[in-house]
Amino acid sequence: MLSQSFIKLLPAVFLSAGLIISQTNQAALTVSPTRAVFDQKTRSMPIKLINADTKTVTYRISFQNMRMTEAGAYEEIDAAKVQGRYAERMVRYAPRQVTLQAGQTQSIRLLLRKPKRLADGEYRSHLLFEEVPDTAGLDLSKVVNEKNEDGIGVILTPISGVTIPVIVRQGKLTAQASIENPVFQPATKETPANVKLTLNRSGNRSMYGDLQIIHYPPNQQEGVIVSVMQGISILSPTAKRHVSMPLEVPPEHPLQGGRLHVVYENTNANGKKTLLSQADLSLP
């Protein structure tokens, strides 16, 4: 994924009482673009924020350093302890906090300042837009009288937010992709038919693209698209990503025989598509 929404629990400490609040609202913030890439010619970039909520929300903006797992999830890492190429020290941004009324839009300006003699490579950090909780709105009448051994209760307030990758590219960078071991799994009572595969990345930069699966019936040249997944990334230094693609098959087009054609391709800002990798698997 190119952007990530999350919810975490922030403890607000109160004396004499405690309450656990377990809401599941997702961040009502739209961020565009969903990734910021500074190439050789880009020195500044606007990021547009739109508050899609029905209330006024304040967002605090900061950098996080994260790595992508082979399952496509993100894990926060401590840059002081984990060696890597991070963008946070060379990208400045303003403002650091915004308050948006319902439906309001505001832009954040990113400015790149590369240090001299920067080594070739790709540098990445994640920009975090984190909601500042409105603790004044907590309903203390619903507090559960549960205290710890020190007599201090804790209210856990859910915080939502969004992250986007910020990438700085220096020098000559290349990357190649390959699709490994696509496997068709028939539908069961619990799950739809799907294709599991592994995307491999080699080279010294991240890759982004869309996955598509086309079914070609036996002895036919025209196929039907049965699955699409957009914005599938493999962020450096992660070398592979495991993907499961559910198939949506029209009733008039059963998956009987023929082949499934898997395509991984990138679309640039001008709409031009570039094939990154492709693979076929036969159906019984």
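The values are calculated or read from the model by the stated rules, or taken from the named source; none is laboratory data. Everything numeric in this text was worked out from a predicted model, so none of it was measured. Note that we place each Cβ from the backbone using ideal geometry, even for glycine, and neighbour counts take in every protein chain shown.
A few comments on the model shown:
- Restricting the first member to the stretch 231-251 and to residues that are among the basic types (Lys, Arg), and the second to residues that are surrounded by 15 or more Cβ atoms within 10 Å (Cβ to Cβ) and assigned to a strand (DSSP E or B), the beta-carbon pairs closer than 6 Å and six or more apart or on different chains are Lys240/Thr198; Lys240/Asn200; Arg241/Leu199; Arg241/Ile234.
- In the stretch 111-136, the residues that are under 21 Å from the mean Cα position of the chain (by Cα) and closer than 21 Å to Ala79 by Cα: Glu122, Tyr123, Arg124, Ser125, His126, Leu127, Leu128, Phe129, Glu130
- Enumerated strands (runs of 3 or more DSSP E) restricted to the stretch 37-92, each holding at least 3 residues that are closer than 16 Å to Arg109 by Cα and either modelled with pLDDT of 90 or more or not assigned by TED's automatic domain parsing to the domain that holds Asp134 (or both): 44-51, 57-64
- Count of the stretch 132-156 residues, restricted to those that are surrounded by 11 or more Cβ atoms within 10 Å (Cβ to Cβ) and either part of a loop (DSSP other than H, G, I, E, B) or at pLDDT 90 or above (or both), is 7.
- Looking across the stretch 252-284, the residues that are buried (at least 18 other Cβ atoms within 10 Å of the Cβ) and in contact (Cβ under 8 Å) with a residue 60 or more places away in the chain come down to Leu255, Leu260, Val262, Tyr264, Leu276, Ser277.
- Scanning the stretch 102-112 for residues that are more than 16 Å from Leu127 (Cβ to Cβ) and either surrounded by 13 or more Cβ atoms within 10 Å (Cβ to Cβ) or free of Cβ contacts under 8 Å to residues at least 24 places away in the same chain (or both) yields a single hit, Gln104.
- When restricted to residues that are modelled with pLDDT under 95 and either in a strand (DSSP E or B) or of a type outside the set (S, T, N, Q) (or both), the stretch 235-244 contains 2.
- Residues within the stretch 251-284 that are in contact with a Lys or Arg (Cβ under 9 Å, 6 or more places away or on another chain) and in a strand (DSSP E or B), tallied: 6
- Given (1) buried (at least 17 other Cβ atoms within 10 Å of the Cβ); (2) out of contact with any His (no Cβ under 9 Å at 6 or more places or on another chain); (3) among the polar types (S, T, N, Q), number of the condition Gln212 does not satisfy: (2)
- Members of the stretch 163-216 that are of a type in the set (A, V, I, L, M) and touching a Ser or Thr at 6+ places or on another chain (Cβ under 6 Å): Ile164, Val166, Ala177, Ile179, Ile213
- Hits in the stretch 184-209 (condition: surrounded by fewer than 16 Cβ atoms within 10 Å (Cβ to Cβ) and within 30 Å of Pro251 (Cα to Cα)): Gln185, Pro186, Ala187, Thr188, Lys189, Glu190, Thr191, Pro192, Lys196, Thr198
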